[in-house]
Amino acid sequence: MRPMPASAYDLLLDELEKLPGIGRRSAERIAFHLLRQPSTDAVALSEALTRFRTNLKVCSVCGHVTESDPCPICADPKRDASVVLVVEQPSDVVAIEQAGAYRGLYHVLMGRLSPMEGIAAGELNIGGLLERVRADASSIAEVILGTNPTLEGDGTALYLAESLQKLGVNVTRLARGMPVGSSLQTVSKAVLSDAIQARTRSAT
Ligand SMILES: [Zn+2]
């Protein structure tokens, strides 16, 4: 007996289930959502996926998502190549670039270490970072750890600091302070203690 050809529904569920964090139930929810929406939404999604996959690649130097390799930041001779800022996601690069206060290079990890979710060092762009620092030891003077100030971001920073210090490079961590508009009474103890430790000289 020949196997029944898979239905369009099963094909979609199979593809959705390949995505990280999507199980059978989530795949079904997404499929039903797409059926209830106007069909133009589903077409727009499929076109966005095609354009994303056709035009975007990962920068072979820093791991940022880009339309050219190396990315425009790595390829810019005016950037300070002696400093590398390590972040979790491409969106972190975009946010820092919009702030306009940083002129060095980046390294994107594509996530953070998470023992709970089974995300180990091998799944992140950590090997690429160590390789880059090793290969460029004469020009990279400082690696700034810019992982998020969460339990997992801090754990990742600790892991990176230990690995990078063995390579003899200067390792720093982004300062964390009082958010603008907050008050001493309302911020958490962790924020307050970080703000005191990373205090800066008052401008005169
Ligand atoms: Zn790059």
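Nothing in this text is a laboratory measurement; each read-out follows from the coordinates by a stated rule. Here the structure is a predicted model, which is why all the values come from computation and not from measurement. In this analysis, Cβ positions are derived from the backbone assuming ideal geometry, glycine residues included, and neighbour counts consider all displayed protein chains.
Miscellaneous remarks
- Environment charge at H33 (Cβ cut-off 13 Å; Lys +1, Arg +1, Asp -1, Glu -1): +1
- Placing +1 on each Lys and Arg Cβ and -1 on each Asp and Glu Cβ, with no other charges, gives the chain a dipole about its Cα centre of roughly 340 debye.
- Among M116, M110, sorting on how many other beta-carbon atoms sit within 10 Å of each Cβ, with the fewest leading, yields M116, M110.
- Extreme residue, positive dipole direction of segment 80-173, given options L167, A157, L145 (C-beta unit charges): L167
- Bridge orientation summary for the chain: considering DSSP beta bridges with both residues in this region, about 20 percent are antiparallel.
- Cut-off 18 Å, label 7 Å out along Cα→Cβ of Q165, residues of segment 122-136 by amide N: 130, 134
- A straight Cα-to-Cα reach below 25 Å connects K18 with the lysines K57, residues fewer than 8 places away in its own chain not being considered.
- For segment 54-123, the list of GluC sites (Glu not before Pro) that fall in a loop by DSSP and count at most 16 other C-beta atoms within 10 angstrom reads E67, E117.
- Across segment 137-142, coupling constants 3J(HN,Hα) worked out from phi with the 6.51/-1.76/1.60 Karplus curve, θ = phi - 60°, read 4, 6, 9, 7, 9, 8 Hz, and Gly and Pro carry x.
- The trypsin sites (Lys or Arg not before Pro) of segment 81-151 meeting both criteria, a DSSP state outside H, G, I, E and B (loop) and at most 16 other C-beta atoms within 10 angstrom of the site's C-beta, are R103.
- Here segment 143-204 is treated with +1 on each Lys and Arg Cβ and -1 on each Asp and Glu Cβ, and its dipole about the Cα centre works out to around 240 debye.
- 3J(HN,Hα) along segment 100-107: x, 9, 10, 10, x, 9, 10, 9 Hz, from the Karplus curve 6.51 cos²θ - 1.76 cosθ + 1.60 with θ = phi - 60°, whole Hz, x for Gly and Pro.
- Radius of gyration, Dmax [the chain; alpha carbons; angstrom]: 21.6, 85
- Between the listed residues T200, S82, S39, the Cα displaced farthest toward the positive end of the dipole of the chain, a dipole computed from Cβ unit charges relative to the Cα centre, is found at T200.
- Rounded to 10°, Cα long-axis angle of helix 39-55 versus longest principal axis of the chain: 50 degrees
- Sequence-distant residues sharing a close amide H with G104 (under 5 Å, placed H): D80
- Highest-fluctuation residue, L45, L109, L151 considered, GNM on the chain with Cα pairs under 10 Å: L45
- Annotation: amide H-H contacts under 5 Å for I119 (H modelled 1.01 Å from N, sequence separation of 5 or more, or interchain): S114.
- The chain - mean residue ellipticity at 222 nm from DSSP helices (-39,500 (n - 2.57) per run, n ≥ 4, rounded to 500): -13000 deg cm²/dmol
- Size of charge dipole - segment 80-173 - debye, nearest 20, with Cβ of Lys, Arg +1 and Asp, Glu -1, no other charges: 220 debye
- Of the trypsin sites (Lys or Arg not before Pro) found in segment 1-84, those in coil by DSSP whose Cβ has at most 15 other Cβ atoms within 10 Å are K18, K78.
- Shape of segment 79-128 from the C-alpha gyration tensor: oblate (a/c of 1.5 or more and a/b not above b/c, with a ≥ b ≥ c the square roots of its eigenvalues).
- Residues D76 and T54, FRET efficiency given R0 of 30 Å [Cβ-Cβ distance, rounded to 0.05]: 0.75
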